[in-house]
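Structure first, then comments.
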């Protein structure tokens, strides 16, 4: 991969939620680029001493995104309850 093809690391100081979203989007994009065109066997192949695989990274990112979405929804509902009581 040539240097000009690399995606810039997000620089986001807009707040915790925006920063988390920016980094998850960045990580998702990077992993999908690495996984593009690989067979299932290649995605499951361990390339390091640990059990880490590209498929495992995709599953990890999916879980992180789900957790972030749950927290956002939970916080939104909590804020809405406080405002509606006000």
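Annotations for the structure displayed:
- Extreme residue, modelled with the highest pLDDT, among residues of the stretch 4-39 that are farther than 26 Å from residue 71 by Cα, part of a helix (DSSP H, G or I) and touching a helix residue (DSSP H, G or I) at 6+ places or on another chain (Cβ under 8 Å): 35
- Whichever residue in the stretch 40-58 is surrounded by 14 or more Cβ atoms within 10 Å (Cβ to Cβ) and in contact with a helix residue (DSSP H, G or I) (Cβ under 7 Å, 6 or more places away or on another chain) and, among such residues, is farthest from residue 71 (Cα to Cα): 43
- Pair list, Cβ < 6 Å and 6+ apart or interchain, from the stretch 1-27 residues that are under 17 Å from residue 63 (Cβ atoms) to residues that are part of a helix (DSSP H, G or I) and modelled with pLDDT of 70 or more: 20/68; 24/65; 27/61
The values are calculated or read from the model by the stated rules, or taken from the named source; none is laboratory data. Note that this is a predicted model, so its numbers are computed, not measured. Positions of Cβ are backbone-derived with ideal geometry, glycine not excepted, and every protein chain shown enters the neighbour counts.
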